[in-house]
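The values are calculated or read from the model by the stated rules, or taken from the named source; none is laboratory data. Bear in mind that the values here come from a model prediction, so they are computed numbers and not experimental data. Ideal geometry is used to build each Cβ from the backbone, glycine not excepted, and the neighbour counts take in all protein chains shown. Note: areas computed on protein heavy atoms with side chains; ligands, DNA, RNA excluded. Shrake-Rupley method; radii C 1.70, N 1.55, O 1.52, S 1.80 Å.
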Amino acid sequence: MSAQYDVIVVGSGAGGASVAYKLTLAGKRVLLLEKGPYLPRNSSTLDVRRVFIDGVFKNHVPWLDSKGREFVPGEFYNVGGKTKWYGAALFRFRPVEFEAEPDFDLLGWPFGYEELEPYYDEATEFLRITTFKNEPQLQALLDKITTADPGWELHQLPLGLSHDIVNHPEEEKHFDGFASPSGLKSDSERNLIDHIRDKPNLKLIAGDPVSALVSAPGDARKIIGVQCADGSTYEANTVVLAAGAMSSPRILQDHLHANGFSLECGDLVGANFKMHINSALLGFSPFVDHDMLRKTAVLYNDRFPHSSMQCLGWIDAELLAAQVPPRFRVSWTSCSARGRSASGPQPRIRRARRTGSFQEAPAVGPSWTTASTASRIP
């Protein structure tokens, strides 16, 4: 019997939506499975309390760290994945970042920028990546920085934002770490899935997590489909795991463990988890900051390769109070910037289950930077 679908894609975030988009337009029969629901397209996703304090849209399932301590990572399970919540910054690697940096023990890439350039160009079109002019108070601050130290090189920050956002004050202030109900921020649902949703060869199922991989009879190494939490089973010629840096390795490891075998690269599944080192610098000033968008510039310095300094979006007393310990009282408006660099592999993180057994989870990072932190992200 032939498979129900040509391809099953697990996860509707940056990777999953991109794969589903391309294959659907190529005429393949595609099933796109998403663990979480659709987000509401109303102002609830802009509400500071609901998003940052109550965590209405966040994952609440506990995990274990490398020392067996329980914590709840800031994962988001919804159609569009974490691309709904990222900070709209959409960088290309600069040509120099493909080169080796012996002084920092960094190896070069096996290919250069020109290899990825056509794909960058295509993504720029899909995601409507653009730049904005720096607002007056931000520009004055940047001028002071670059004048004091010419080593800092100023660039416009590439953003997946509509220029119309400046006509929507609440969204202008609440795009960095919030989901846009009006589609003013580029994400995988609005910019990819919405363009193929009505195609007859695509089926999208939301709110039904994949619980297991389905293998061919007598051959656990050949994956022919998936089983979902509601017990339904779907088969395809190809299964693409695009459920994120943590969940994809867990699904694969569950299958390896259940069938008692390992891969040649088995030790790497769920290992070498990498994330950005994010440090936020807040500057409190006695004057009123009239800038609204704020997150429009990025600074590079050759003394700090593979790193950058960029602005965060709007921060006021309400936002800051949502992310500091209760003993602090916050009543100032602040300007802020964030430094970012790549970190090395982190210890494996394991997912806590009610049964008491544990599963190792993370792998490499997602295509769009959406680090799980309490603060806002690129």
Inset, instruction - Could you list all residues from the stretch 206-222 that are in contact (Cβ under 8 Å) with a residue 60 or more places away in the chain and either open to solvent by 30 Å² or more (accessible area, probe 1.4 Å) or of a type in the set (D, E, K, R) (or both)? - result: 206, 207, 208, 209
Inset, instruction - Give me the pairs, please: first residue somewhere in the stretch 53-80 and over 21 Å from residue 273 (Cα atoms), second residue anywhere and of a type in the set (Lys, Arg) and in a helix (DSSP H, G or I), beta-carbon distance under 9 Å, and either six or more positions apart or on two chains. - result: 56/49; 56/50; 57/50; 57/84; 78/84; 80/190
Inset, instruction - Quick one: in the stretch 176-188, of everything that is touching a helix residue (DSSP H, G or I) at 6+ places or on another chain (Cβ under 7 Å) and farther than 16 Å from residue 50 by Cβ, which residue is most open to solvent (accessible area, probe 1.4 Å)? - result: 182
Inset, instruction - Could you identify the single residue in 221, 190 that is modelled with pLDDT under 95 and of a type in the set (Lys, Arg)? - result: 221
Inset, instruction - Enumerate the pairs (first residue in the stretch 1-23 and touching a residue at least 12 places away in the same chain (Cβ under 8 Å); second residue anywhere and in a strand (DSSP E or B) and acidic (Asp, Glu)) with beta-carbon separation below 7 Å, excluding pairs fewer than 6 apart on the same chain, so at least 6 apart or on different chains. - result: 3/235; 4/235; 11/34; 12/34
Legend entry - Evaluation of residue 122 against (1) within 22 Å of the chain's Cα centre (by Cα); (2) touching a residue at least 24 places away in the same chain (Cβ under 8 Å); (3) open to solvent by less than 70 Å² (accessible area, probe 1.4 Å) (one fails), failing number: (2)
Inset, instruction - Would you point out which residue out of 39, 116 is out of contact with any strand residue (DSSP E or B) (no Cβ under 8 Å at 6 or more places or on another chain), in a loop (DSSP other than H, G, I, E, B) and either open to solvent by less than 30 Å² (accessible area, probe 1.4 Å) or not hydroxyl-bearing (Ser, Thr, Tyr) (or both)? - result: 39
Inset, instruction - State the number of residues belonging to the stretch 60-103 that are touching a Ser or Thr at 6+ places or on another chain (Cβ under 9 Å) and open to solvent by less than 60 Å² (accessible area, probe 1.4 Å). - result: 19
Inset, instruction - Determine whether residue 262 is assigned to a loop (DSSP other than H, G, I, E, B), on the phi < 0 side of the Ramachandran plot and either open to solvent by 60 Å² or more (accessible area, probe 1.4 Å) or modelled with pLDDT under 85 (or both). - result: yes
